[in-house]
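The values are calculated or read from the model by the stated rules, or taken from the named source; none is laboratory data. Remember, it's a predicted structure, so these values are computed and weren't measured experimentally. We place every Cβ from the backbone using ideal geometry, glycine too, and count neighbours over all the protein chains shown.
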Amino acid sequence: MKQTYDVVVIGGGTFGLFACLTLAASGKTVVLIDRGAIWIEASAVNAGSLAVQNKLPALVPYTLWALDIWRTLQDRLGAQIGLRHTGGYKVALSEDEAQRLEQVAREQEEKGLSVSRLDRQALRTQASWISAEVVAATYSTQDSFASPTRLGPVLRIAVEKAGVHIVEHAEVTGVRARDLCVETTRGPFYGRSIAITSGAWSAQIAAMLGNDLPILLDVNMVSVTEPAPRTIPQIVTHARGVLTLKQVSNGSCLIGGGWQGIGTLADRLKNVDYDQLIHNLRLAARVIPGLAPLNILRSWAGYEGVTPDSLPYLGRLPGHSDIYIAACARGGFTLGPLMGQLLGEFIATGTTSRPIDLFNPGRFTHV
Amino acid sequence: MFSARLISGIEAGRPIQFTYQGQSIQGFEGESIASALMRAGIIGVRTTPRLQDRRGYYCGMGICWECSVEVNGQGVVRACSFPVSDGLVVQEPVAMTDERA
């Protein structure tokens with residue numbers, strides 16, 4: 001017996017799960033399929049940063065809107081998700097970096113973010129745990145973080161409660177536009193619409209439909225330290241985007257910054273590259289000297305799909321009226337609740353509560 | 001033949017005295033802290049911050065960090081993979097309070 005859902009969602013990361021919530025709330029029947037278990041790739045293994053200051057200026061308004069949603073999530077989902085609205089410092093270690101910091105701060109201010117500027121002395125007074133080597137910093141009250149580990153299971157329960165059918169370990173083997181059928185290793189799924197929320201794998205799904213959707217792969221590394229006395233009240237980011245750092249609820253520090261591990265989608269590896277990791281850790285200890293004596297308990301790496309302009313894809317897949325995509329935002333963990341919601345709105349109603357023209361999935365399609 | 005050699009071939013090194021929580025413990029040169037503590041009947045070496053559980057030697061190969069102890073001058077080390085030495089001062093690591101608690 002052939003069952004047809006209103007929407008077949010491909011990919012159970014943050015974009016897909018939040019899209020499911022919005023679709024289900026508007027009365028749509030939804031099946032969410034995933035090649036493995038849901039919430040095990042980028043959404044789960046990222047460092048949990050919800051920083052505005054490390055976003056592209058064009059994404060600042062979207063990040064602020066996303067943070068409005070984040071602030072409601074704990075109540076909406078009825079569980080702790082490790083949300084800490086701490087504010088954050090973005091630091092520069094040289095005059096060159098300080099210039100870059102200032103330039104980006106101005107561009108972000110034009111897009112509606114307010115930041116305050118600190119010189120070395122002001123920073124020493126306000127945050128003595130940051131090294132005197134830091135020559136300048138900007139501070140935003142908006143920068144925050146949350147726990148990917150906590151959000152995943154909570155979100156899953158909410159999506160199941162909303163009536164969404166979750167099918168895991170169903171790898172997509174083909175997608176037919178003609179009858180909107182997603183063929184998988186666990187059989188076919190039919191929809192009135194299809195939503196591709198497959199992160200780094202979205203290009204492979206798009207290719208099954210004849211679409212060339214450029215997505216590059218980053219393999220980002222994250223490390224966690226042993227628990228330490230509570231010293232770092234705010235999230236820290238870097239003028240060149242090469243460091244994120246926060247101390248989470250058990251006292252451990254999470255260190256990221258997009259340093260590259262080793263692996264590809266084809267070989268399915270995501271290994272730590274220790275030659276790169278050492279630079280990541282040295283930089284962290286240079287910015288916050290108190291980190292130096294701490295043990296690193298674990299380091300890991302995860303995939304991140306990246307578009308040529310680092311802006312997400314969100315909209316209709318070019319040439320298809322009933323196939324949609326939302327994928328690959330730089331800062332996807334931060335933007336996920338908003339991107340998923342906008343995709344859900346777009347599929348359910350044909351309109352979105354925020355503009356999505358910037359994210360047109362056809363912007364790199366040359367005819 | 002091979003297994004017999006393994007059993008008879010293990011000889012304890014030179015005796016070593018160190019302390020755990022102020023208590024004098026005997027170990028042998030080349031042995032790990034965890035090994036010496038287990039022989040002294042000490043299984044739990046630390047307390048978890050949230051549930052106040054006792055934890056100790058678990059994976060035995062430096063992966064799980066359950067046997068974390070504090071060594072004077074070294075900070076937190078894994079008891080399973082840190083050798084004993086004369087006069088070593090070993091203590092439970094300072095349990096961090098958990099904000100979730």
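Being buried (at least 16 other Cβ atoms within 10 Å of the Cβ), modelled with pLDDT of 95 or more, on the phi < 0 side of the Ramachandran plot and within 14 Å of chain B (Cβ to nearest Cβ) narrows it down to one residue among A:150, A:156; which is it?
Details: A:156 fails: within 14 Å of chain B (Cβ to nearest Cβ).
Exactly one of A:150, A:156 is buried (at least 16 other Cβ atoms within 10 Å of the Cβ), modelled with pLDDT of 95 or more, on the phi < 0 side of the Ramachandran plot and within 14 Å of chain B (Cβ to nearest Cβ), namely A:150.
Has the range A:138-160 got any residue that is of a type in the set (D, E, K, R) and touching an Asp or Glu at 6+ places or on another chain (Cβ under 9 Å)? Walk me through how you get there before you give the answer.
Just the residues of the range A:138-160 that are of a type in the set (D, E, K, R), to begin with: A:143, A:150, A:156, A:160.
Add one more test, that the residue is touching an Asp or Glu at 6+ places or on another chain (Cβ under 9 Å), and what stays is none.
No, the conditions are met nowhere in the range A:138-160.
Any chance the range A:202-224 includes a residue that's in a loop (DSSP other than H, G, I, E, B) and within 14 Å of chain B (Cβ to nearest Cβ)? Steps first, please.
Of all residues in the range A:202-224, those in a loop (DSSP other than H, G, I, E, B) come to A:209-215.
With the extra rule that they be within 14 Å of chain B (Cβ to nearest Cβ), the set shrinks to none.
No; the residues of the range A:202-224 include none that is in a loop (DSSP other than H, G, I, E, B) and within 14 Å of chain B (Cβ to nearest Cβ).
What are the residues in the range A:340-367 that are of a type in the set (A, V, I, L, M) and touching a strand residue (DSSP E or B) at 6+ places or on another chain (Cβ under 9 Å), if any?
Selection gives A:342, A:343, A:347, A:348, A:356, A:358.
Does residue A:255 satisfy the criteria of being among the β-branched types (Val, Ile, Thr), touching a helix residue (DSSP H, G or I) at 6+ places or on another chain (Cβ under 7 Å) and over 30 Å from residue A:106 (Cβ atoms)?
no
Go over the candidates B:69, B:76, B:89 one by one and state the one that is touching a helix residue (DSSP H, G or I) at 6+ places or on another chain (Cβ under 8 Å) and either closer than 24 Å to residue A:226 by Cα or at pLDDT 95 or above (or both).
It is B:69.
Which is modelled with pLDDT of 95 or more and in contact with a Phe, Trp or Tyr (Cβ under 6 Å, 6 or more places away or on another chain), of A:282, A:316?
A:316
Considering only the range B:61-80, I want to know if a residue exists there that is surrounded by 13 or more Cβ atoms within 10 Å (Cβ to Cβ), within 14 Å of chain A (Cβ to nearest Cβ), charged (D, E, K, R) and over 30 Å from residue A:83 (Cα atoms).
Within the range B:61-80, one or more residues are surrounded by 13 or more Cβ atoms within 10 Å (Cβ to Cβ), within 14 Å of chain A (Cβ to nearest Cβ), charged (D, E, K, R) and over 30 Å from residue A:83 (Cα atoms).
Within the range A:234-266, can you find the residues that are within 14 Å of chain B (Cβ to nearest Cβ) and farther than 15 Å from residue A:287 by Cβ?
Of everything in the range A:234-266, those that are within 14 Å of chain B (Cβ to nearest Cβ) and farther than 15 Å from residue A:287 by Cβ turn out to be A:248, A:249, A:250, A:251, A:252.
(1) within 14 Å of chain B (Cβ to nearest Cβ); (2) free of Cβ contacts under 8 Å to residues at least 24 places away in the same chain: which one isn't true of residue A:228, the others all being true?
Condition not satisfied by residue A:228: (2).
Here is a yes/no grid of residues against (1) in contact with an Asp or Glu (Cβ under 7 Å, 6 or more places away or on another chain); (2) more than 14 Å from chain B (Cβ to nearest Cβ); (3) closer than 18 Å to residue A:355 by Cβ; (4) surrounded by fewer than 19 Cβ atoms within 10 Å (Cβ to Cβ):
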{"position": "A:296", "(1), (2), (3), (4)": "no, no, no, yes"}
{"position": "A:305", "(1), (2), (3), (4)": "no, yes, no, no"}
{"position": "A:309", "(1), (2), (3), (4)": "no, yes, yes, yes"}
{"position": "A:312", "(1), (2), (3), (4)": "no, yes, yes, no"}
{"position": "A:321", "(1), (2), (3), (4)": "no, yes, no, yes"}
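Take the range A:288-314 and flag every residue that is in contact with a Cys (Cβ under 6 Å, 6 or more places away or on another chain) and either within 27 Å of residue A:137 (Cα to Cα) or assigned to a loop (DSSP other than H, G, I, E, B) (or both).
A:307, A:312
Which residue pairs have Cβ atoms under 8 Å apart, sit 6 or more places apart or on different chains, and have a first residue in the range B:36-50 that is surrounded by 18 or more Cβ atoms within 10 Å (Cβ to Cβ) and a second that is assigned to a helix (DSSP H, G or I)?
Cβ pairs passing all conditions: B:37/B:79; B:45/B:34; B:45/B:37; B:45/B:79.
Whether any residue in the range A:92-107 is in the same structural domain as residue A:193 (by TED's automatic domain parsing) and not in a helix (DSSP H, G or I) is what I want to check.
So in the range A:92-107, the residues in the same structural domain as residue A:193 (by TED's automatic domain parsing) come out as none.
Looking for residues that are in the same structural domain as residue A:193 (by TED's automatic domain parsing) and not in a helix (DSSP H, G or I), one finds none in the range A:92-107, hence no.
Given the criterion under 10 Å from the mean Cα position of the chain (by Cα) and either closer than 21 Å to residue A:295 by Cα or at pLDDT below 95 (or both), identify the matching residue among B:62, B:56.
Numbers: B:62 fails: under 10 Å from the mean Cα position of the chain (by Cα).
None of the other options fit; the residue is B:56.
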